[in-house]
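Each value in this text was obtained by applying a stated rule to the coordinates, not by laboratory testing. These figures come from a predicted structure and were not determined experimentally. Neighbour counts run over all protein chains shown; Cβ positions are idealised from the backbone, glycine included.
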Amino acid sequence: MTKVRRSDRLIDMTRYLLERPHTLVPLTYFSKRYDSAKSSISEDLAIVRRVFATRQTGILETVPGAAGGVRFIPTIGEAEAEAFLTEMAHRLSETDRLLPGGYVYLSDLLGTPDVLRQIGRLIATQYLDAKVDAVMTVATKGIPIAQSVSQYLDVPFVIVRRDSKITEGSTVSVNYVSASSARIEKMELSKRSLPAGSRVLIVDDFMKGGGTVNGMRSLIKEFDAELIGISVFAEGNFSGDRMVTDYTSLIRVDEVDTKANTLHAIAGNYLVQNQDRLHALSK
């Protein structure tokens, strides 16, 4: 590539890093890409690092040594996280979101790219120090969330299904109890989806009693993999004992009025669980 001006170099370098989170990029790559000295590249990266930190876009980590380079780690700041969760709680509290059976309509939110980007950043920030090999969800509402999180963590996502798909090949299946309906259900995952020993993060769109999440937890054990954490976009009220207690929720539906067909939502436990981390990132 021909030598480019610093302003052009900074724009292209920033775009390159944003599109490749958690990927180690050698300085020699940028040096050859822009036909520039390593010292100039280092100065450029210092500017990018400062802007990322100031705008709370993420961390630009430097890895020293001959095999080193720079790695962009996406994060979200405390104020931005709180503002987003407040907005989501307000939007979930809108009229006519409550569906028959106590379900909450989320498709408009989880079909919006900007909402999914922020969800991905929030969950990825919580696990930025953890080694995650795969993000797991169940079809179908959790798929866009899993895709967003996996993009920000730069790991694959795997989809658990409740019915067989011939395109999945041979599968591993488990029976689980649906906490909300008290029925026995089945879910399965392709044998090729998850290598043994994988460290797995479960994500889902909505959780009541935790039966579905608990089923995915059972599947992880069947694959001799390790559960790293559980994150859900929203949790609802549940009168009994939840099958899952160690989880993170972005939003919590705390009041439901089936007669008036209304609900009220607030921020979930995400801010409390990640208070110290978010505060440190916002300094």
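Here Lys141 is the anchor, and the aspartates and glutamates within straight C-alpha reach of less than 12 Å, apart from those fewer than 8 places off in the same chain, are Asp108, Asp204, Asp205. Sorting the segments 126-138, 61-73, 261-273 by their mean number of nearby beta carbons within 10 angstrom, highest to lowest, gives 126-138, 261-273, 61-73.
Full extension of the chain between Thr95 and Lys141 gives 14.5 nm of extra length, using 0.36 nm per residue less the Cα-Cα distance. Each Lys and Arg Cβ is given +1 and each Asp and Glu Cβ -1; about its Cα centre, the chain then shows a dipole of about 960 debye. Checking every one of the chymotrypsin sites (Phe, Trp or Tyr not before Pro) in the range 133-240 against DSSP loop status and a limit of 15 other Cβ atoms within 10 Å picks out Phe238.
What nm value, rounded to one decimal, do you get for the distance between Lys131 and Ser39 when each label is placed 7 Å out toward the C-beta? Inter-label distance under the simple model: 3.9 nm. Counted by Cβ distance under 12 Å from Phe206, the other residues give a net charge of +1, where Lys and Arg count +1 and Asp and Glu count -1. Using a/c under 1.5 as the rounded threshold, could you call the range 6-74 rounded, prolate or oblate? The axes a ≥ b ≥ c are square roots of the C-alpha gyration tensor eigenvalues, and prolate needs a/b larger than b/c, oblate otherwise. Here the range 6-74 falls in the oblate category.
With respect to the chain, whose longest principal axis is taken over its alpha-carbon atoms, helix 113-126 is tilted by about 80°.
From helices alone, the chain scores -11000 deg cm²/dmol at 222 nm; the rule is -39500 (n - 2.57) for each run of n ≥ 4 DSSP H residues, then divide by the residue total. Rg over Rh for the chain works out to 1.03, using Cα positions for both radii and the Kirkwood form for Rh.
Return the FRET efficiency for the residue pair Arg5, Val63: r is the Cβ-Cβ distance, R0 is 30 Å, and the value is rounded to the nearest 0.05. Between Arg5 and Val63 the formula returns 0.65. The lysines within cross-link reach of Lys259, meaning a Cα-to-Cα straight distance under 21 Å and a gap of 8 or more places when in the same chain, are Lys208. With a Förster radius of 22 Å, plug the Cβ-Cβ distance of Thr23 and Thr54 into 1/(1 + (r/R0)^6) and report the FRET value to the nearest 0.05. Computed FRET efficiency for Thr23 and Thr54: 0.45.
For the range 6-74, a crude dipole built from +1 on the beta carbon of Lys and Arg and -1 on the beta carbon of Asp and Glu, taken about the Cα centre, is about 60 debye to the nearest 20.
Measure nothing but the geometry: give the 0 to 90° angle between the long axis through the Cα atoms of 6-18 and the longest principal axis through the Cα atoms of the chain, rounded to 10°. Approximately 30 degrees, to the nearest 10.
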